[in-house]
Structures are given as C-alpha cells and as structure tokens.
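Visitor: I'd like to ask some things about the structure below.
The values are calculated or read from the model by the stated rules, or taken from the named source; none is laboratory data. Quantities reported herein were computed from a predicted structural model and do not represent experimental measurements. Cβ sites come from the backbone with ideal geometry, for glycine too, and all protein chains shown count toward neighbours.
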C-alpha cells in the first residue's frame, strides 16, 4: 500500500478524533440550544415566558458557557425561571454558584427544586437555599407557591428529589385546589409515575370544581443520555426509567424532559447537546 495514502488516512483519523473530542468537551456545552415551545391555551390572548433550566452541575471552576448562559437568560427576559434540580455537582464552591446567579437579572423571579446531586454535595442544601434567596429564587421542597405573572395566577408545585431525599406529593399540594395555571417541577422523570397515581387517587376524592388541574410537568436528570451514538443511549442515570428527553404523556399533565445544561460523571457530552427551554405559555 502506498505510504502516502497511509499517512493521509492516519492524518484524517487524528483530525476526526480531534473534532469529536472538541465537540464532546466544549462545543456541545458552549453552543447550547434554546428550544422554544408554545403551550397553554389556544386563545392566545396573553403570552408568558417560562424558562426551564435544569442540571447546571456547577463545579469549582466558572466555565465560559455559564457566562454565555447568563447573558442568554437576560436577553430572553423570561417572566419566570424554573430550575429543575442539580444546580450543584458534588464538590461545588459557593462562590461559583454566587457568581453565576449574580450575572442574571435579580428582577427575574426564579423557582427551584432540589436534585439528587444537590443533596449529596458538600455545599449544604441550606447554603444553596440562602444563595437562591439572595437572587430572587424560591427553593420549593414539597410545597406549592402562587405567583402573579402579568396579572395572572400561576401555581408552581415543587417536589423534593426521590433518590437522595423524601418526595411527598400529597404534602406539596396540601391546601391547593383547582387552578387554571398549575405546573409541577420534579427532578427525575421517573418521579412522575408515583405522582400520577397519587394525583388520580386524590382527584377521585374531590368534586370536579376542586380537583387538581396540573397542566404540565417539567423534569431533568437524564441529560438526554449525555453520550449518544446514532440516537442510541448506552446508559442513563440512576432512577431514570425509560425516559430520555422530549415530550411524554398522551394527556394532561404533559411531561417535558429537558436534556439539561451541565455534565455529570463524565465531563463531556456527545450527541446530546446542552439545552434550555423557553415555553411561551399562552393564556
């Protein structure tokens, strides 16, 4: 075989490997997607912008993609930011978390829940809650909160993580009746299965006028597989079920599972580009 062609083949192989490595370690995180969806009423009288962010996995180092994310959020100017867990990543520095949230307009209301990594991080949940509160963010642990957005009532129910903590749906919705705009935040999509069973049981004991009316469930945790080949997912995180990413459930409440933003265990993504999600909620 011609030595020249062997050299060309080796050069092409090395170049291809370098491109894949660059994409996995940097491009799929820095050049993240902002996927937009129109949800809510078909009347389309008023539009609220809800921004879902999950699995930030902020580590010790403040990487440039977090700065780009903060700028993107400020440009979008959402009415409400929903954070579906795993802001932390095992050995996070409080200063790094503070730096990220300080870059986002404090005027934007934020709501967060805890994920499994938030519970096992060296930074205590109580410390994370203090950081959240300084930047206009409520941490909902098995509770519901009502927000007025452009003059409309929005109820957000946030469940605690069910892998490293105790999730209790009935506790979270205690005192909540039928609401026209009611969203549930969970961390793992598998968490929806016992929740839907409890929801059905609870509504069976209530009159139609007082039944819970949860329209949407938002989740993270699975990272879209984080590493995918030809749309095949070799491995999903613990307690993920068969969910990967995208829309699930044929009837209300509809589940959207985000691929999330950061990385866990492996410091790269491949075939599962980071994303945030803008929901144009029509009233």
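Visitor: Quick one: how many residues across the stretch 250-283 are within 30 Å of residue 151 (Cβ to Cβ), part of a loop (DSSP other than H, G, I, E, B) and in contact (Cβ under 8 Å) with a residue 24 or more places away in the chain?
Guide: Of the residues in the stretch 250-283, 4 are within 30 Å of residue 151 (Cβ to Cβ), part of a loop (DSSP other than H, G, I, E, B) and in contact (Cβ under 8 Å) with a residue 24 or more places away in the chain.
Visitor: Here's a check for you: in the stretch 178-197, which residue that is surrounded by 14 or more Cβ atoms within 10 Å (Cβ to Cβ) and more than 22 Å from the chain's Cα centre (by Cα) is nearest to residue 54 (Cα to Cα)?
Guide: Across the stretch 178-197, the extreme among qualifying residues is 179.
Visitor: Out of the stretch 187-226, which residues are more than 19 Å from residue 245 (Cα to Cα) and part of a loop (DSSP other than H, G, I, E, B)?
Guide: 205, 206, 207, 211, 212, 213, 214
Visitor: Among the residues of the stretch 98-111, is there at least one that is over 22 Å from residue 159 (Cβ atoms) and in contact (Cβ under 8 Å) with a residue 40 or more places away in the chain?
Guide: So far as the stretch 98-111 goes, yes, one or more of its residues are over 22 Å from residue 159 (Cβ atoms) and in contact (Cβ under 8 Å) with a residue 40 or more places away in the chain.
Visitor: On the given criteria, is residue 146 within 23 Å of residue 279 (Cβ to Cβ), in contact with a strand residue (DSSP E or B) (Cβ under 6 Å, 6 or more places away or on another chain) and without any contact (Cβ under 8 Å) to a residue 40 or more places away in the chain?
Guide: When the stated conditions are applied, residue 146 passes them.
Visitor: Please count how many residues of the stretch 234-248 are without any contact (Cβ under 8 Å) to a residue 12 or more places away in the chain, part of a loop (DSSP other than H, G, I, E, B) and surrounded by 12 or more Cβ atoms within 10 Å (Cβ to Cβ).
Guide: Looking only at that region, the number is 0.
Visitor: Name the residue, out of 257, 202, that is surrounded by 19 or more Cβ atoms within 10 Å (Cβ to Cβ) and within 28 Å of residue 178 (Cβ to Cβ).
Guide: Residue meeting the stated conditions: 257.
Visitor: Residue under question is residue 68, and the condition is that it be under 25 Å from residue 163 (Cβ atoms) and either modelled with pLDDT of 90 or more or not in a strand (DSSP E or B) (or both); does it hold?
Guide: The answer is no for residue 68.
Visitor: Okay, moving on. So which residues in the stretch 156-176 are surrounded by 14 or more Cβ atoms within 10 Å (Cβ to Cβ) and over 22 Å from residue 85 (Cα atoms), if there are any at all?
Guide: 176
Visitor: Name the pairs whose Cβ atoms lie under 6 Å apart, with the first residue in the stretch 206-227 and modelled with pLDDT under 95, the second buried (at least 16 other Cβ atoms within 10 Å of the Cβ) and not in a loop (DSSP other than H, G, I, E, B), and 6 or more positions between them or separate chains?
Guide: Within 6 Å, the pairs are 227/270.
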